[in-house]
Structures are given as structure tokens and as C-alpha cells.
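Student: So that we are looking at the same thing, I have put the structure below in C-alpha cells.
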Amino acid sequence: MSLPDYGFYILCGTAVILLAAQAVTHPTQFFQVFIFGLTQGAIYALVALGYTMVYGIIELINFAHGDVFTLGAYIGTTLLGFFAITEGTFTAINLIALIIVFPVVMLIMGGINITIERVAYRPLRNAPRLAPLITAIGMSFFLEGVMFLWRGPATVHFPDILPTQSWYVAGVFFGVRDIFVVVVGAVLVSLLAVFINQTKLGKAMRATAQDRDAAQLMGIDINRTIAATFFIGALLAGAGGIIWGLYYNTIYYQLGFRSGLIAFTAAVFGGIGNIPGAAIGGLVIGLTAAFSDSYIGSKWTQVVIFGILIGVLVFRPTGLLGMRVPEK
Amino acid sequence: MSEQPRDNILELTGLTKRFGGLVAVDNVSLHIKRGEVFALIGPNGAGKTTLFNNVTGLFRPTSGNVLFDGRDITGFKPHQVARLGIARTFQNIRLFDYMSCLDNVRVGRHVRMKAKVWDSLFKLPRERREEERVTDEAMEVLRFVGIAKHANQYARNLAYGQQRRLEIARALATEPKLLLLDEPAAGFTPQEKVELMALVKKILNRGITVFLIEHDMKVVMGISERIVVLDHGEKIAEGSPEEVRNDTKVIEAYLGKSA
Amino acid sequence: MSNAAPARRRSLRERIGFRERIRDRDTAVYGILILLALMFPLVSYNITEGTAWISHATRAGYWVLLAIGLNVVVGFAGLLDLGYAAFFAIGAYTYALLASPQLASSPANHAVHISFWILIFVSLMMAALFGAILGFPTLRLRGDYLAIVTLGFGEIVPQLFYNFDQWTGGINAVGLIDQPLLPAWVQGPWSGDPEFKIVSPFNFNTDPVAYYVLVCFLVAIAVVLVTNLYNSRLGRAWMAIREDEVAAAAMGINTVTTKLLAFGIGASFSGFAGAYYAADVALVSPDNFLFIVSITVLVMVVLGGMGNVSGVIIGALVMYYLIFILIPGLPEIVTGFASNVGLGSLNQSTGDWPGLGEETQRLNFIIYGGILVAVMLLRPQGLLPSRVREQELKHAAVQEEEAAIEMSHA
Ligand SMILES: Nc1ncnc2c1ncn2[C@@H]1O[C@H](COP(=O)(O)OP(=O)(O)OP(=O)(O)O)[C@@H](O)[C@H]1O
Ligand SMILES: [Mg+2]
């Protein structure tokens, strides 16, 4: 173990001790913030997965990914408008609408992301490395422009159709919607893990991320595998967008910019290219943001999150899980 | 015995490099005399390149020492090693692709140049003079390896054999005392191999010691004075070309591999 | 020693050959730029009867400075910096705080007013210092991790200026920033005065052309210095690191200090531009240095042709025109066009239709994003990519015969 490792552990240890002290002295507040951080983190995790998968396979920081997430929310709110949903309570129609809208939005986003990859990234696969980065930024503006044109610059309402039941347990308030966010997030991440580890396509994705040339020699269709990666990343981002909408009930066209950066930070935190790392990174960043908001002050949250990002990279460049880094 | 270190340009003692459970170089000791051509051979994966990387500071040895010119350079950084006078080429050519051949070689002159940031920023006269001198020296090296007419081309646009020569030129530009060549004849035609051997002789005549990894036995036997054989990271034989050729362990290592 | 004589002869021949110089693309680009820069104030004043174009040009100038500086980091040394605006902010705030009434209302309780001509160097050094502080622990990281660290830094810095509002005024911005002063200045037809006159002493806020002249000087100095670096030991070391870090180290290049120099020098250009910017706009707020600024400069560098100084200048000018003139001006152009071709009715807003002008404005993001994608697809290497230097072509041409002779002897 080297010196930087100690630095990393000391940082993490200090944070844990401070939080533990809070948990003991003010348990109610602590767990309240914890629940909030957990839900936020679940959403960041879903978005972070898309960043990490794309980076893992083509080493591109896909700046448009946060906007894919937002666009998912926009399409979600539009589709929900076609159903006779009732806001503020939970009806059978609400449930049906959700059951239909979730997969439809996810598939639409998958399709859009494949198109983006096809148009803006694939032609540049052998171009200088910064060229796809710039097209990714261009696509980000483009998607924001589409949402702006479609629904204008103001915030957009997202229907509030989740069950409203909530409970106080030992003074800590939480509702069905909190459980919903965390459960849906966990289910999707587990499905992804199964997919990556068990299916042929998932294995092809891992092989391509390891060594593209070798994978090609083994008969893996690289274009298809990369397209699949974008597709799956967008499924998760689309789901994340709807969950965000359902939880917060407002969205706006530049939402993906900031939450995208934060989700990307989560991906790096977990060790970029590392799928379980992104999920854990999302949770950690969500919790960090929540704790920072309430213990330090929300105007410091951005400094805290990006400070952590820099600290992690300096002390432990392989990320939290400290696993594989594609070295090419 | 007491005067031997003076004659040895490089001495490895008990050099070991582990990657996790794999021992890529296993307790290897050897010494290279000033002014000789010394060859390192062995089957694929024997640890030859890893040994080079330990000498040039790319890796830090797990244990053991590297003595260069009587000085312990174990754990030195690559640029420090280069400054002291060890230059190398790479098994899979590593040129500066989008720089001209001339610039590739001028990068090689880097360690022997004096210009500081201020000199360059304001193009002071002494910097201009140094640039002119270095450009001429670089052309001279390109001529020496026989690719001067490609000086203005991007390195990536050269033919394969010329790229290998350029890599040697770049290494020579650092004014090394010891030159490490990692499979310089790989992928060469018989004609190119002959030319390479002539080039190595010319380098030797400049007073540079050559430490060579090579698979091609004709090349190895043709130019080297002493040979060390590595197998699974261990030194299994050492001696003159004849001695090594007839060594049963060596024959086994190679036959065992091909069987 | 025997080589010295032919070297002299060569460089002399080079110095005279005017026609050869024109053939050199960089010289041509710089020649045109200098001509345009000289004519611009007079022409723009006479065409527009005002200073709108001039102030556009002064603003384009600091983008050019930023692009030149970032090009050192990204184009020369191949280090991706996604937080370049942070150094710009540091330069701007250094000037803003030390040359305005701001610090009077801070815990320091005392306003500071230092001359622009001193502070521009202080800003430069502050930015370089922060570049080094950030670079020191992080330059060991793999390429992309460095990009992410810089991104994080770029997010933190404006937020810090925002949070430490006791000192910086936070969201209220630093205003009333001092203007540069000079002992004397010449005004003439280019600035709307019918005849030449000498103003003494001279305050920059009395004549927008002054900022224009200043930024032209700054850009010219930057180009000369950066080009010198490019053609030097350090410039080659940067490019070697960009091409292959391992090989560069094996050639004796200390990669950490060399990268640190790229980072520090790149940052110092940004600091320099920041001081100029703060003086020009006279109002500095944290919102002027967000991620979008870093991204815009990066786009300028990549689009212009990374690594090539003249290309990067063109890239910066083209992008400036696109982002700050063409796209904002589009609604007007489109509505004008519609009325001219008899489609004026489209300009009115009816029902869902917001009117053509408004609609075009809403398309801004799409147009900008679309242009970025299209340009990169068409020219992934940028508009004017760097080439092997002309000088070497000539050098090699001279050497070619010699080499041929050499070979036949060998
Ligand atoms: N950076 C590394 N990390 C882990 N293992 C390594 C690393 N570099 C080399 N190895 C392993 O060390 C062993 C020796 O490799 P090395 O490249 O030195 O062999 P070699 O003798 O040069 O073979 P070849 O003739 O194929 O070039 C191999 O098993 C290789 O996989
Ligand atoms: Mg090898």
C-alpha cells in the first residue's frame, strides 16, 4: 500500500467518523438526510452507468448523456399526458400508465441514443481523439435545443402520480415514492448486472471494452456491440429521467447538464469503466450531496462534490473500487 | 578482479521483477563489457523486454540492482537513465507519429540541449545557435542511419524498415554510452538484416556498447560477442555464440517451446 | 564546426525569399490577419458609423488569447483541459479586486488601485501559479483523468468566487473596475475624430479603439511567444509527450515538469486574457467563467486545428462570429428575408406559432449544436491542422542532394 492509498483511507475514514458522530447525536436528521441522499443517489447511479459503459467501451466522455436523461423525462411527461391519470393520488390508470410509459420511453431513448452514436460518433472512431468529444458537446446542445424548442425555456411540470402514502418511523419521514425510486433503481441495476455477466452480448461488451482489436479477432461485431452499449445506457438514462420527474415533479431543458456532470463524477468516483463502481459511486455522490446540503450548506455542495472528485483522482486514480483501468 | 567494474558498462545483480504472482525476471545477474555487442535471447514471454524496462527505469525492479558505469541506477526514472547515457528502441516501434523524422531525432537531442524556457520564449541568440547546431547534428544522425532524405516526412509515413532505423537514430541522438535494441530485426527481409548488422557495426565503431534482444539466430550469432539466454525469467545459459548454440538447456528451452 | 558555414547560407537564403514566404501557409495567414487588423478600425467605423464592430473585435480578442493559451496545453502537449475558464477567472478576479473599490467593503477594509500594466503580469503569474498548484499532484494521472480533474477545478473556482462574497461580492459581481491609463494616445479618423489629435493623459474608457489596439498587441505578443516555444526544445518535448509519453521519457524528457510547464504557461495566457477582460468589461461576476466558457475555448482550438497556432486563431474568430454575431443575429436576418420574399405574415405570432424571429431564436441551440457536429464530421482534424513545418521542407530539400551523395558513398 502506497502513501496515496493512506491519504484516500484517511479522507474516507474522517468522513465516515464525522457522519457517524452526526448519526449518534442527531439520528432523526441524519436518517432523514440519508433517505433523501439515497433516492437522489439511485438516480445518479442510473445516469452514471451510461457514462461509465460508454467510456469503458470507446473512451468517450459522452457529454450528451445527461441530455438523453432529460429528454427521457420530457418524453415521459408528454406520454403520460395521453392517459387519464389523476395527480395527487394513485389510481389503476396511473399504474397502467406507468407500466406502459416506462418501457416505451426507455426504448425510445435507446433508439435515439443509437442514432446519435451512428450519426455523431461512429464516423469519428478513427479520428483524432478530441473530435468525438466535440461532437458529443454538439449533440448535447442539440438535444437541449430540441427540448427548448419543444417546451420552451421554463420548467415543465411532470405529473405527480405516485402513491402518496408516507410514514414517520422514529421521527424519520419517508414515503412510497422514496421506496419506489430506490427499488426501481436497484432492480434496473441488478438487471444490468445480470445482462452484462450472463448474456452473450454482455460478454461481448466486456470483451470489447478490454481490448477492441482482440475482440474483433474473436469474431465480435464491434459496431453492434458499441451500439448495444449506447442502447442500454440510454434505457437506464430514460428510466432515470422518468424517475426524476416522478420524484421531483419539475424538469427543465438544462437539467441534464448539471446532473450529467454530477453523474459523471459518480462514474469516475466508482472507477470509470467499472459498472458496479458507477452504481456505488452514484449512491455515494447522492448521499454526499444530501449531507453536504444539510450539514455544510447547499452553496458548498458543488465545491464538496468536485473537491471529492479531485481528491479521489489524486489519491486513488483507479476510483473507489480500484479495479481495471483500460490502458491502451 | 578489482579492475573488472571499470570494464563493465552494465551490471545486473540478482535482478527480479514480479507482476503479482508472475515472476517475469527471476534473479538475473549479468555484466556487459564496454564496447561489446551483447545479446539477450529466449523464447517468447521469457522476460527479455521486461529486463530492458527494468534497466531503463520504466519498471522498478522488485529486487536486485542495476549498475551502470559503476553507478547504482536502480529505481531511477526513465529520463534520468537516458541522461546518464542509456538509450533504447522498442519492440513495437514507438515513434512520435505526427512529428517529422527530423523532429523525432531532435527530440533525441533534448537531453544534450541547454535551452531554458526563457531562451526559447524570446528566441535568444544562444538558443538560435543551439537550434541550428542541433538541426545539423540531427541531420547528421539521420544520414548515419541512411534516412536523411525522409527528414521532412511524418514518422508514421515511413516504411517499416525506415521506421526501425529512425528509432535507432532517435536513440543515437541522445549520445548514449549503451544502446538497447529490442528485436531490431523483427519483420526484416534478409537483405535488411544484413544492412542492420552493418549498422550495428558502425554504431559499435562510434564507441557505443550494444545490448540487443533478438530472435533471429543468424543476426545474433553474426554480431554478438556474448549471449545470455533467458527462459521463464531465469538465466539458463551464458557464453559465446558457440557455447550457447551447443548448450543442452538452451536447445531444450527452444525445442520444448516449439514442440 | 565545418557545418556552421552551410547553415549560415541556408538561413540567409530563407530570409530573403519573399515568394517562398508567401507560399508558407502560416505566413500568408498572419499576413492577412495583420492587414485586416490594421484596416479594421477605419473600415468598420466608416461602414457602421459607430463602434459596435470595434467592441466585437476587442471581445473576439480575448477569446483568441484564450484559444492560443489552451492550444499550448491541448494542442502542443496533448493534455485535455476542461476547466480552462478557471484560470481565466483567476486572472480576471486578480485584476478586478486589485483595481477597483471592491476591497473597501471587504474584511480588508481598504480599496486597492494598482496600475493595469503591473496587474496584467500579476494576473498572469497568479494563473500560472494556480496552474502549477493544480498540475503538480495531478499531472501524473492518465490523460482522461487529468481532463476530469480540470473539469472539477473549473466547476469549483467560480463557485468559490461566488461563495466568498465578503471579498468578491459574490453574485453581485465586482464593478467599477479601473481602466488602463497611458501618458499619451493618438486619436484620428478611425475613432470618429475628424483629425489627428494627441490626448494626454489618456484613459482607455474614452476610446474603444484603444482596447482594440491593446488586444491586437497582446495577441501579437502571444503569437510570437507561442510560436517561439513551438519551434524549440520545449515545444518538441511537449509534442513528444503528446505522441508517446513512454518514448518521450525514454528519450530523456522529464514528463512531469514538461507537462507542468505546459499547464502553467497555458494558464498564464488565460490569466493575461483575464486581466484584459476585466478591464474591458469593467464588471466581473462568477457567471462569466462557467463550464460553457471552457468548452467554447476548447471548441475553438479543436475546430481551428489543434497544435497549429494560426489555425487556432482562425478557429477562435470563426467561432466568435458564429456564437456571438451570426446566431444571435439570425432572427433579424430571417424575418428580414421573409418580408422581402413576401412571407412577412410568418413573422407575426399566431396561436402556437411564436413568429419567425422568435422561432429562429429558439432554434439557437439546435443550430449551434448542429454546426459543431457537422464541422467535426466534415473536418475532424480542424480547419487548418498543423503540418510539418515549412522550414523543414526547405531544410530537407537542401539536404536531400547531400544525402544522396552520402548514400552512394556508403
Ligand atoms: N506490465 C506488465 N504487467 C503484467 N505482466 C507483464 C507486464 N509486462 C510483461 N508482463 C509479463 O511478463 C512476461 C514476460 O514478458 P516480456 O514482454 O518481458 O517477454 P519477452 O521475452 O520480451 O517476450 P517476446 O519475445 O514475446 O517479446 C510475460 O508473461 C508478460 O505477460
Ligand atoms: Mg519482448
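Student: With point charges of +1 on the Cβ of Lys and Arg and -1 on the Cβ of Asp and Glu, referenced to the Cα centre of the protein assembly as shown, which listed residue (C:PRO385, C:GLY304, A:PHE173) lies farthest in the positive direction of the dipole?
Tutor: Result: C:PRO385, furthest along the dipole toward the positive end.
Student: Please give the average number of partner chain Cβ atoms lying within 10 Å of the Cβ of each residue in B:104-117, rounded to a whole number.
Tutor: 5
Student: Roughly how big is the C-B contact, given as buried accessible area in Å² (both sides, 1.4 Å probe, nearest 100)?
Tutor: 4000 Å²
Student: Right, something else. Net charge within 13 Å of A:TYR74 by Cβ-Cβ distance, Lys/Arg positive one each and Asp/Glu negative one each, not counting A:TYR74 itself? Don't jump to the answer; show the numbers that get you there.
Tutor: Values: positive: A:ARG151; negative: A:ASP67, A:GLU144.
Residues near A:TYR74 contribute -1 overall.
Student: What's log10 of I(q)/I(0) for the protein assembly as shown at q = 0.06, 0.09 Å⁻¹, Debye sum over Cα points only, no solvent?
Tutor: -0.53, -1.13
Student: If you line up the long axis of helix C:84-98 against the longest principal axis of chain C, both from Cα atoms, how many degrees apart are they, to the nearest 10?
Tutor: For C:84-98 against chain C, the angle is about 60 degrees.
Student: When the dipole is taken about the Cα centre of segment A:3-315, and only Lys, Arg (+1) and Asp, Glu (-1) are charged at their Cβ, what size is it in debye, to the nearest 20? Before the final figure, lay out each step's value.
Tutor: On the way: 13 positive and 12 negative charges, 93 e Å.
That gives segment A:3-315 a dipole magnitude of about 440 debye.
Student: Within the protein assembly as shown, what percent of beta bridges assigned by DSSP are antiparallel, to the nearest 5? Walk me through the intermediate numbers first.
Tutor: Working: 36 of 52 bridges.
In the protein assembly as shown, approximately 70 percent of DSSP beta bridges are antiparallel ones.
Student: Whenever you get a sec, compute what percent of the accessible area on the protein assembly as shown sits on carbon and sulfur atoms (1.4 Å probe).
Tutor: The nonpolar share, carbon plus sulfur, comes to 63 percent.
Student: Counting only heavy atoms of the protein chains, get the accessible area per residue of segment C:33-307 (1.4 Å probe) and round it to a whole Å² value.
Tutor: 35 Å²
Student: Would you please give the residues with an amide H less than 5 Å from that of B:VAL25, counting only those at least 5 places away or on a separate chain, with H modeled from the backbone geometry?
Tutor: Under 5 Å from the amide H of B:VAL25 lie the amide H atoms of B:LYS17, each far enough along the sequence or on another chain.
Student: Let me ask something else about it. Taking the dipole about the Cα centre of the protein assembly as shown, with the C-beta of Lys and Arg at +1 and of Asp and Glu at -1, give me whichever of A:ILE196, C:GLY370, C:VAL246 is farthest to the positive side.
Tutor: C:VAL246
Student: If you fit an axis through the alpha-carbon atoms of helix C:364-378 and take the longest principal axis of the Cα set of chain C, what angle between them do you get, 0 to 90°, nearest 10?
Tutor: 10 degrees
Student: Would you kindly compute the Cα radius of gyration of segment A:86-150 and its largest Cα-Cα separation (Dmax), both in Å?
Tutor: Looking at segment A:86-150, its Cα Rg and Dmax stand at 17.4, 53 Å.
Student: May I ask for the percentage of alpha-carbon pairs in segment C:310-360 that lie more than 11 Å from each other?
Tutor: 69 percent
Student: Can you divide the C-alpha Rg of chain B by 2.2 N^0.38 Å and report the result to two decimal places?
Tutor: 1.04
Student: Please tell me the relative contact order of segment B:96-159 in percent, rounded to the nearest whole number, where contacts are Cα pairs under 8 Å and at least six residues apart.
Tutor: Details: 50 pairs, mean separation 37.5, N = 64.
Over segment B:96-159, the number comes to 59 percent.
Student: Charges on Cβ only, +1 for Lys and Arg, -1 for Asp and Glu, centred on the Cα centroid of the protein assembly as shown; of B:LEU180, B:VAL220, B:GLY42, which one is farthest towards the dipole's positive end?
Tutor: Looking along the dipole axis, the top candidate is B:VAL220.
Student: For labels at C:ASN203 and B:ASP7 in the simple 7 Å Cα→Cβ model, what's the distance in nm?
Tutor: In this crude label model, C:ASN203 to B:ASP7 measures out at 8.5 nm.
Student: Just to check, using Stokes-Einstein with a Kirkwood Rh over alpha carbon pairs, what's the diffusion coefficient of segment B:173-257 at 4 °C and 1.567 mPa s in µm²/s?
Tutor: This corresponds to a translational diffusion coefficient of 93 µm²/s.
Student: Something else about it: For the modelled label position 7 Å from the Cα of C:ALA111 along Cα-to-Cβ, which residues of segment C:155-183 have backbone nitrogen atoms closer than 17 Å?
Tutor: C:167-169, C:173-181
Student: Further question on the same structure: Please compute one quarter of the surface area of the Cα convex hull for chain C and express it in square nanometres.
Tutor: 28.0 nm²
Student: Quickly work out the C:ILE133-to-A:ALA193 label distance, labels modelled 7 Å from Cα along the C-beta direction, and quote it in nm with one decimal.
Tutor: 4.2 nm
Student: Another question, if that's okay. Could you give the DSSP H helices of chain A that reach 20 angstrom or more along their long axis (alpha carbon positions) and whose average Kyte-Doolittle hydropathy is no lower than 0.5?
Tutor: A:3-25, A:27-58, A:65-80, A:92-116, A:130-151, A:176-198, A:222-248, A:255-269, A:275-291, A:301-315
Student: Calculate one ³J(HN,Hα) per residue across segment C:148-160 by plugging θ = phi - 60° into the Karplus curve 6.51 cos²θ - 1.76 cosθ + 1.60, and present them in order as whole Hz with x for glycine and proline.
Tutor: Ordered by residue, 3J(HN,Hα) equals 6, 4, 5, 4, x, 4, x, 7, 6, 4, x, 5, 5 Hz.
Student: Sticking with this structure for a sec: At 0.36 nm per residue, minus the direct Cα-Cα distance, what do C:LEU141 and C:PHE196 gain on full extension? Give it in nm, one decimal, please. Mind dumping the intermediate values first?
Tutor: Details: separation 55, 0.36 × 55 = 19.80 nm, distance 5.70 nm.
In short, 14.1 nm is gained.
Student: For A:ARG224, put the label point 7 Å out on the Cα→Cβ axis and report which residues of segment A:93-116 keep their amide N under 19 Å from it.
Tutor: A:111, A:114-115
Student: Per the Kirkwood treatment, what hydrodynamic radius in Å, one decimal, follows for segment C:100-195 from the mean inverse distance over all distinct Cα pairs?
Tutor: One over the average 1/r among Cα pairs gives 16.9 Å for segment C:100-195.
Student: Now for a separate question. Which value results for Rg/Rh of segment A:3-315 when Rg is the Cα radius of gyration and Rh the Kirkwood radius based on the inverse mean 1/r?
Tutor: When Rh is taken as the Kirkwood radius, the ratio is 0.98.
Student: Run through segment A:74-128 and list the chymotrypsin sites (Phe, Trp or Tyr not before Pro) located in a DSSP loop whose Cβ has at most 10 other Cβ atoms within 10 Å.
Tutor: Working: sites: A:TYR74, A:PHE82, A:PHE83, A:PHE90, A:TYR121; in loops: A:PHE82, A:PHE83, A:PHE90.
Passing sites in segment A:74-128 are A:PHE82.
Student: Using alpha-carbon pairs under 8 Å, 6+ residues apart, how would you state the relative contact order of segment C:108-225 in percent?
Tutor: Worked out over segment C:108-225, it gives 16 percent.
Student: Explain nothing, just the number: dipole magnitude of the protein assembly as shown about its Cα centre with +1 on each Lys and Arg Cβ and -1 on each Asp and Glu Cβ, in debye rounded to the nearest 20. Walk me through the numbers before you get to the answer.
Tutor: Working: 77 positive and 74 negative charges, 382 e Å.
Result for the protein assembly as shown is approximately 1840 debye, rounded to the nearest 20.
Student: For segment B:175-181, take each phi angle, set θ = phi - 60°, evaluate the Karplus expression 6.51 cos²θ - 1.76 cosθ + 1.60, and give the result in whole Hz per residue in order, putting x for glycine and proline.
Tutor: After applying 6.51 cos²θ - 1.76 cosθ + 1.60, I find 6, x, 8, 10, 10, 9, 10 Hz.
Student: What is the dipole size for segment B:154-259, taken about its Cα centre, with +1 at each Lys and Arg Cβ and -1 at each Asp and Glu Cβ, in debye to the nearest 20?
Tutor: In total the dipole reaches around 480 debye.
Student: Between B:PHE19 and B:ARG83, what is the label-point separation in nm under the 7 Å Cα-to-beta-carbon projection?
Tutor: 3.0 nm
The values are calculated or read from the model by the stated rules, or taken from the named source; none is laboratory data. Note that the structure is predicted; figures quoted are calculated from it, not measured. Cβ sites come from the backbone with ideal geometry, for glycine too, and all protein chains shown count toward neighbours. Heads up: the accessible areas ignore ligands, DNA and RNA and are worked out on the full protein's heavy atoms, side chains in. Shrake-Rupley method; radii C 1.70, N 1.55, O 1.52, S 1.80 Å.
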